[in-house]
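Please read the structure below before turning to the comments.
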Amino acid sequence: MTEFFQGIAPIAHEGPDSTNPLAFHHYNPDEIVMGKRMEDHLRFAVAYWHSFAWEGNDPFGGQTFERPWHPQDRMTTARIKADAAFEMFDILGQPYFCWHDADIRPEGDTFAESLRNFEEIIACFEEKMSTRKVRLLWGTANMFSHRRWMGGASTNPDPDVFAYSAATVKTCMDATMKLGGENYVLWGGREGYETLLNTDMGRELDHMGRFLNMVVDYKHKIGFQGTILVEPKPQEPSKHQYDYDAATCYGFLQKYGLENEVKLNLEQGHAILAGHSFEHEIATAAALGVLGSIDMNRNDYQSGWDTDQFPNNVPEVALAYYHILKAGGLATGGTNFDAKLRRQSLDARDLIAAHVGAMDVCARGLKAAAAMLEDGGLEDALKERYAGWDTPEARAMLNSDLDTIFDKVNAGAITPSPRSGRQEILENYVNRFV
Ligand code: XLS
Ligand code: NI
Ligand code: NI
């Protein structure tokens, strides 16, 4: 036992009238929503990097947190960090967690030493998981922090870095599989460029496509049953990341023959950075058949950065879950809190409260989304708006050609009559539920 969370009891559902800040008011894992337990819809995960590896620094200031697992450059503290992490999982009772290799183990002097460190911690996780219900939602490789990745990982101009990336991802996939992980994520933070003056874009994209094919081949080789996910983000740290948004990623997957093998891990803050809404990204992925999982956070709308704050906006979250429910749910995916405390939130209590609040916000969003779907108001409005396409003549048009259509329109048989899109009415409708 570490002392870090001392005095904080496991969080219980106390209902909306409770004033206890360390209780769930809306998240009730066993409550049935649309025929399924709330926990099984939301599939919450804690992100090891923000909660345990991040030390409170920002671009203008250094470490603000002092944790029992600092400094993080040795195995003794990596084990204390693991103890604290699992203590927090016990307190929150969330079903999943996620990691990067670099979050959980200290970097060694050589690849082999880093791997030894990593495998030791994975064995320690395996032991801790054997007596608990918590599972691994996904593992991933941090191929953006160390200086070797400064020019990219699989898109690096140096083939030695490509090799290092391949070897690193292999070890992270092995570890993910060992822990029974349900997905494997690739986020290409430095795949992209700072200046075109030194970048051969076509070559880099080909290398990235080849790399991802190797990942998929390896998945099949080892019999990994989970889903391979790519996480779109338009910029930060690279200026022009190749995985800009859901639509760009889909084009990339298609070009390299991967659209049936790889799905997307969509993040709220990344959607905003790309100039979209979260539900836009979810609806895009769902329409293209590549909705995988979500990273739930929010940006500070004033600062314009990827500030990775815990979600606190029920109407926004409700629309995200609306599109997820409509698409049939998260399948192997989950709701990963890719979110960190503010750097002044120094206490263990802050870390717990952040997750408790976020889980409550998501629960409210899910319930609102389910209520809207069950009521059917938005679906009815959609049906009505597209009702013209229900006629056989309209459907046949899709299989005809410009000349045939021209003849009908030119003969006066077809005259469009504009109808209201009813946006305000629909917005007011949503407002009744959120
Ligand atoms: C960074 C990304 C990262 C991925 C995992 O912005 O969100 O945290 O989720 O590498
Ligand atoms: Ni992010
Ligand atoms: Ni993320």
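Read-outs: derived from the displayed coordinates by stated rules, not from any lab. Just so it is clear, the structure is predicted and the values come from calculations on it, not from any experiment. Here Cβ is always computed from backbone atoms with ideal geometry, including for glycine, and neighbour counts include all displayed protein chains.
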In percent, how large is the relative contact order of the stretch 20-139, given Cα pairs closer than 8 Å and 6 or more residues apart? 25 percent
Shape descriptors of the stretch 160-231 over alpha-carbon atoms, Rg and Dmax in angstrom, are 13.5, 43
Please list, or write none, the lysines whose alpha carbon is within less than 18 Å of the alpha carbon of residue 128, excluding same-chain residues fewer than 8 places away. 81, 178
Here the convex hull volume per residue of the stretch 76-232, taken over Cα atoms and given in Å³, is 118 Å³
Under 19 Å Cα-Cα from residue 326, which lysines qualify once same-chain neighbours fewer than 8 residues away are excluded? 36, 263, 367, 383
Just for the Cα atoms in the stretch 322-365, what are the lengths along the principal axes, largest first, rounded to whole Å? 39, 19, 13
Which whole-number percentage describes the relative contact order of the chain, with Cα contacts under 8 Å and a sequence gap of 6 or more? 15 percent
Alpha carbons only, please: Rg and Dmax for the stretch 189-343, in angstrom. 15.8, 47
Can you grab the distance from the C-alpha centre of the stretch 329-383 to the C-alpha centre of the stretch 122-165, Å, no decimals? 27 Å
Exactly which chymotrypsin sites (Phe, Trp or Tyr not before Pro) in the stretch 31-111 are in a DSSP loop and have at most 12 other Cβ atoms within 10 Å? 60
The stretch 204-271 to the stretch 1-21: how many Å between their Cα centroids? 38 Å
Give me the Debye-computed log₁₀ of I(q)/I(0) at q = 0.22, 0.25, 0.31 Å⁻¹ for the stretch 144-188, equal point scatterers on Cα only, no solvent, two decimals. -0.75, -0.87, -1.08
Rg and Dmax of the chain, using alpha carbons, in Å: what are they? 23.5, 82
Based on the Cα gyration tensor of the stretch 300-339, what are the three equivalent ellipsoid semi-axes, each the root of five times an eigenvalue, rounded to whole Å and given largest first? 23, 13, 8
Using only DSSP helix segments of four residues or longer, with each worth -39500 (n - 2.57), what per-residue ellipticity at 222 nm results for the chain after dividing by its residue count and rounding to 500? -14000 deg cm²/dmol
Listed residues 414, 426, 397: farthest to the positive end of the dipole of the stretch 356-434 (Cβ charges): 426
Given 20 °C and 1.002 mPa s, compute D for the stretch 233-300 with the Stokes-Einstein relation, Rh being the Kirkwood radius over Cα pairs; round to the nearest whole µm²/s. 180 µm²/s
I'd like the per residue volume of the convex hull spanned by the Cα atoms of the stretch 104-183, given in cubic angstrom. 87 Å³
Taking a ≥ b ≥ c as the square roots of the Cα gyration tensor eigenvalues, with a/c under 1.5 meaning rounded and otherwise prolate when a/b beats b/c or oblate if not, the stretch 38-137 comes out oblate
On a C-alpha basis, how far is the centre of the stretch 396-434 from the centre of the stretch 34-108 in Å? Whole number, if you could? 50 Å
Mind checking Rg over Rh on the stretch 284-434, alpha carbons, Kirkwood formula for Rh? 1.15
Kindly give Rg over Rh for the stretch 1-58, based on alpha-carbon atoms, with the Kirkwood expression for the hydrodynamic radius. 1.07
Dipole moment magnitude, nearest 20 debye, the chain about Cα centre, only Lys, Arg, Asp, Glu C-beta charged: 340 debye
Along the positive direction of the dipole of the stretch 17-172 (beta-carbon charges: Lys, Arg +1; Asp, Glu -1; about the Cα centre), which of 88, 168, 78 reaches farthest? 168
When the scattering of the stretch 109-156 is computed by the Debye formula from its Cα atoms alone, each counted once and equally, what is log10 I(q)/I(0) at q = 0.16, 0.20, 0.28, 0.29 Å⁻¹? -0.64, -0.84, -1.07, -1.09
